[in-house]
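Inspection log for the structure reproduced underneath, given as structure tokens.
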Amino acid sequence: MNTYIEQYVSYLNNVKRSSANTVSSYIRDLNKLDSYLLSQGKTVNRIAAVDLTSYVLTMEGEGLSQATISRSISSIKSFYMFLFKQGVVKEDYTEQLKPPKIEKKMPDTLSVEEINLLLEQPSRQTPKELRDKAMLELLYATGMRVSELINLKLTDLNIPLGYIVCRDANKERVIPIEHAASVALVNYIENARSNLSADSEYLFVNMKGDPMSRQGFWKLLKAYAKRAGIHKDITPHMIRHSFASHLVSGGADLKAVQEMLGHSDISTTQIYLKGKARRIKEEYEKAHPRARIED
């Protein structure tokens, strides 16, 4: 490995305390750059800005994805900033490098009909299925992340006022709870939870009385999706996307959806507008008498 790359990796490990995955990605990206420069008779500390531009064009010519190219550019920019600060290069050659604009795709969601099918699956005849019903209803009612769901405490819930306090790594937010989720929660707490655990502070517990795990919830979600005849590769995050998509399609204020999801930037929430626009177009083409007339 090039000496300068080794020095940079040492900096990432010992100064920035970067994660192993991050360091591995940087090494992979920079080794590819080093190989390209050597093939051109260059080294990482003896280049011009045009050499980096040529490398980006080469990646594009190889058909690499925009995400891969964007990540590589980010690695290169960070590396050359390090070299510049160390005095290895006299200027930052990456100033003109611009990552390709990555178009955000509309995330996979379930239809309202599929959501209803899923939520109908727990029989509500055993403590486990009463718990499962409450978890599924609450996940769709709030759009919270699965990590937030399984870490809820009893004290986070205020059913009389119809809201729940949801906490992520950085902050907390208050999310309203609709009627069906409230009913399922009350049923679970009054008729099932004490059979699973009498003293846990966590709202949802497994059959041993311990807090629910991500893996445990993932398994029950997959099982109920299969029972409902839903053939999509369902995930807890798909329920979150469905929650947001259905709200936006129903006319909910985007800022309110952003706050419920806990997005720091509204541009992240705006992706759900694409689904709304697509559905409007589909309805237009089905209903307008001249929508399908060709020249």
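Here are the numbers:
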read-out: Residue satisfying all of: in segment 20-40; among the β-branched types (Val, Ile, Thr) and either in contact with a helix residue (DSSP H, G or I) (Cβ under 6 Å, 6 or more places away or on another chain) or surrounded by 16 or more Cβ atoms within 10 Å (Cβ to Cβ) (or both); farthest from residue 94 (Cα to Cα) among these; value: 23
read-out: Residue pairs meeting the criteria (Cβ under 6 Å; at least 6 apart or on separate chains; first closer than 13 Å to residue 249 by Cα, in segment 265-276; second modelled with pLDDT under 75 and open to solvent by less than 60 Å² (accessible area, probe 1.4 Å)); value: 274/106; 275/106
read-out: Some residue of segment 151-160 being on the phi > 0 side of the Ramachandran plot, in a loop (DSSP other than H, G, I, E, B), at pLDDT 90 or above and in contact with a Leu (Cβ under 6 Å, 6 or more places away or on another chain); value: no
read-out: Residue within segment 276-295 that is surrounded by 12 or more Cβ atoms within 10 Å (Cβ to Cβ), at pLDDT 80 or above and either over 21 Å from the mean Cα position of the chain (by Cα) or of a type in the set (Gly, Ala, Ser) (or both) present; value: no
read-out: Failed condition for residue 17, given (1) part of a helix (DSSP H, G or I); (2) free of Cβ contacts under 8 Å to residues at least 24 places away in the same chain; (3) surrounded by fewer than 17 Cβ atoms within 10 Å (Cβ to Cβ); value: (1)
read-out: Residues located in segment 79-90, provided they are in contact (Cβ under 8 Å) with a residue 60 or more places away in the chain and surrounded by fewer than 17 Cβ atoms within 10 Å (Cβ to Cβ); value: 86, 88
read-out: Residues of segment 6-61 satisfying the condition of being among the hydrophobic types (A, V, I, L, M, F, W, C) and under 33 Å from the mean Cα position of the chain (by Cα); value: 9, 12, 15, 20, 23, 27, 30, 33, 52, 56, 57, 59
read-out: Those residues of segment 41-71 which are within 21 Å of residue 10 (Cβ to Cβ) and surrounded by 17 or more Cβ atoms within 10 Å (Cβ to Cβ), in sequence order; value: 44
read-out: Hits in segment 200-250 (condition: touching an Asp or Glu at 6+ places or on another chain (Cβ under 6 Å) and more than 13 Å from residue 146 (Cβ to Cβ)); value: 230
read-out: Single unsatisfied condition, residue 251 versus (1) touching a residue at least 60 places away in the same chain (Cβ under 8 Å); (2) on the phi > 0 side of the Ramachandran plot; (3) not polar (S, T, N, Q); value: (1)
read-out: Where a residue in segment 189-203 is without any contact (Cβ under 8 Å) to a residue 12 or more places away in the chain and its partner, wherever it lies, is part of a loop (DSSP other than H, G, I, E, B), with Cβ under 7 Å and at least six apart; value: 200/209
read-out: When residues of segment 131-167 are limited to those that are open to solvent by 10 Å² or more (accessible area, probe 1.4 Å) and of a type in the set (Ser, Thr, Tyr), the one farthest from residue 109 (Cα to Cα); value: 155
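The values are calculated or read from the model by the stated rules, or taken from the named source; none is laboratory data. A quick note: this is a predicted structure, and the numbers were derived from the prediction, not measured. With ideal geometry, Cβ positions are generated from the backbone for all residues, glycine too; neighbour counts draw on all protein chains shown. When the accessible area is computed, the model is the full protein with side chains, heavy atoms only, and any ligands, DNA or RNA have been set aside. Shrake-Rupley method; radii C 1.70, N 1.55, O 1.52, S 1.80 Å.
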